[in-house]
Amino acid sequence: MIRANENYQKLKASYLFSDIARRVDQFQKKNPDTRVIRLGIGDVTRALPPAVIDAFHRGVDDMANDVTFRGYGPEQGYAFLRDKIAAHDYQARGAEVSADEIFVSDGAKCDTGNFQELFASDIRIAIPDPVYPVYLDTNVMAGRTGELVDGRYENIVYLDCVKENRFLPQLPKTPVDLIYLCFPNNPTGTCATKQDLAQWVEYARENQALILYDAAYEAFIRNPSLPRSIYEIKGAREVAVEFRSFSKTAGFTGTRCGFTVVPRDCSIFLSNGDAVSLHGLWNRRQSTKFNGVSYPVQRAAEAVYSPEGQAQISELTAGYLDNADIIGKTMANLGFDYVGGDNSPYIWVDGQGRDSWEFFDLLLQNAGVVCTPGGGFGRCGNPYIRISAFNSRDNVVDAMERLKEALK
Ligand code: MLT
C-alpha cells in the first residue's frame, strides 16, 4: 500500500486560479450568451513582440539543420541569454550579478515553488498576507505547516498587509529564517522603496535569514526611484535570491521562460553550523531535476534585450499600465478606494465591507466580468478584490462600462 503525502490533505481543495476558472466555466455554461471579460488571472493577451517572434522563428530554423541543431542544453541556460540578463537587468543598473549566478527556467511559478526544497522542514517562515498562493501552498505540501485554522496555517508567521501599513509587510515580531517578498506586489500592486527593502536586508543579515524576492512584475515600474531588483540594496547579495519572469514583461505566459538569481555569496547552514553555498545546492537541484528551457524559447527571450525588443516590451507594458489607469479611475469614480495600478498591472480594490467572494460573484453575475477575490490570497485580502489590467483596451473599456452599470 502506498501511503500518500498527507500534507496535501491540509491544502484547500483546489488552487485559487483553478477554482476561479471552474466557477467561470459554470457561469458560462448557464449563460452561454454572455461574453465574459476576464480580468482575473494575470494572463497576458497581446501577441509576443515582433523582435521576439523573429528570434523564435530563427531558433526553430536552427533546429531544422544538422549544423545548427541543439540537443540538451545547459541546465542553467545558454550563455547567450544569461550574459544578456546579467548585463541589462543587473550590471547596467549598478547591481552586481554575474551571468553564472543566473539560472534560466520555465518560469517564476516553478522556481518560487521549488526553491523551498533546499531548506530544512523545521525552519520558521514569514509570508505576507495577502500573498501569491504558490509560496504558501508549496510549503504546506512540504510539511512545514500545521493545519489550516480559521483560514491560516499553523507554524507560519503571517505578515499582515493592510491599509494601515500601506499594504507593506512589516518586520516580524518573532524571529524567522525565511522571508517571502514580492514587489511590485501580487496581489496588491504596491511597491517597496529602497528604504523599505533595506530594512529587510538588514533584518536578514542580522538574523541569518534568507529573503526569497519575487520581482516578476518589475518591468511595470515607471517611477525611477523605485528599486527593480533587491540587488540594488547594499548587502543583499549575501541574503537574497531573486525570481524573474518573461511572462508579464514580454508576453511569455504561454511560451514559458524566467530565471532565478542565486548569488554565490548566499549561504545556508547545516545543523552543525557549517555554511553551505546556496548556489551550489540550487545548481545541484536543477542539474538533477531539470533539463533546461528549449533552445528556441531561449533565443526568443534573448531578443527581449535587443534595442527593438526593449522598445517593443516597453510599449507592451505601457499598454497594460494604461489599462490599469482606466480601471483605477473607474473604480475611484464609483467611490471605491484602491491601491496599485501605477507601477503595477494589478489594482487592489476595497470592497467597502463586502466579502470578496460575494463581490466576485456580483461582478460575474451582474456584469460578466471576472476579477480575483482578495480572500483567495489570504485572510487580510478578504475585504478586497484584485482587478488585472491584462486584457485588450477594448475589453477593459467594455468591462468598466459594465461595472458602472452593475455598481451604480
Ligand atoms: C496571477 O494572476 O496572480 C498570476 O498570473 C499567476 C501566475 O503568474 O502564476
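So if I place +1 on the C-beta of Lys and Arg and -1 on the C-beta of Asp and Glu, and nothing else carries charge, what would the dipole magnitude of the chain be about its Cα centre? I want it in debye, nearest 20. If you can, show how the numbers build up before the last one.
Working: 44 positive and 52 negative charges, 105 e Å.
So the magnitude is around 500 debye.
Return the whole-Å distance between the Cα centroid of the range 162-177 and the Cα centroid of the range 8-25.
Taking the Cα centre of each part, the range 162-177 and the range 8-25 sit 27 Å apart.
For the range 159-239, just say rounded, prolate or oblate: build the C-alpha gyration tensor, square-root its eigenvalues into a ≥ b ≥ c, call rounded for a/c under 1.5, and beyond that prolate if a/b exceeds b/c, oblate if not.
Working: a/c = 1.87, a/b = 1.22, b/c = 1.53.
Oblate is the answer for the range 159-239, as a/c is 1.5 or above yet b/c matches or exceeds a/b.
Using only the Cα atoms, what convex hull volume per residue in Å³ does the range 254-408 have? Kindly include the intermediate steps, with their values, before the conclusion.
Details: hull volume 28.7 nm³, N = 155.
It is 185 Å³ per residue.
If you average the sequence gap of Cα pairs under 8 Å that are 6 or more apart and divide by the length of the chain, what percent do you get for the contact order?
Worked out over the chain, it gives 23 percent.
How would you order 231-237, 313-319, 257-263, 25-31 from highest to lowest mean count of nearby Cβ atoms within 10 Å?
Descending mean neighbour count gives 257-263, 231-237, 313-319, 25-31.
Tell me the Kirkwood radius of the range 324-373: reciprocal of the mean inverse pair distance over distinct alpha-carbon atoms, in Å. Walk me through the numbers on the way to the answer.
Details: mean 1/r = 0.0887 Å⁻¹.
Taking every pair of different Cα atoms in the range 324-373, averaging 1/r and inverting gives 11.3 Å.
Which GluC sites (Glu not before Pro) from the range 145-174 combine a DSSP loop assignment with at most 12 other Cβ atoms within 10 Å? The partial results should precede the final answer.
On the way: sites: E147, E154, E164; in loops: E147, E154.
Those that pass, being in a loop and sparsely packed, are E147, E154.
Got a sec to turn the phi values of the range 152-169 into Karplus ³J(HN,Hα) couplings, 6.51 cos²θ - 1.76 cosθ + 1.60 with θ = phi - 60°, whole Hz, x for Gly and Pro?
9, 7, 5, 6, 10, 8, 7, 10, 5, 10, 10, 3, 4, 10, 6, 6, 10, x
Compute log10 of I(q)/I(0) for the range 53-306 with the Debye formula, placing one identical point scatterer on every Cα and leaving out solvent, at q = 0.17 Å⁻¹, to two decimals.
Result of the Debye calculation: -1.36.
With N denoting the number of residues in the range 195-308, provide Rg(C-alpha) divided by 2.2 N^0.38 Å, to two decimal places. Kindly include the intermediate steps, with their values, before the conclusion.
Details: Rg = 16.1 Å, N = 114, 2.2 N^0.38 = 13.3 Å.
Rg over 2.2 N^0.38 Å, computed on Cα atoms: 1.21.
As an exercise, take the mean of 1/r over every pair of distinct alpha carbons in the range 1-100, invert it, and state the Kirkwood radius in angstroms.
Numbers: mean 1/r = 0.0515 Å⁻¹.
Computed over the range 1-100, the radius equals 19.4 Å.
When the helices in the chain are scored as -39500 (n - 2.57) per DSSP H run of 4 or longer and the sum is shared across all residues, what 222 nm value do you end up with, to the nearest 500 deg cm²/dmol?
Working: 12 runs with 143 residues, N = 408.
Using -39500 (n - 2.57) per qualifying helix, the result is -11000 deg cm²/dmol.
Taken together, the values in this text are just the output of simple stated rules run on the coordinates, not laboratory data. It should be emphasised that the depicted structure is a prediction, and the values quoted were computed from it without experimental measurement. Every residue, glycine among them, receives a Cβ derived from its backbone with ideal geometry; neighbour counts consider all protein chains shown.
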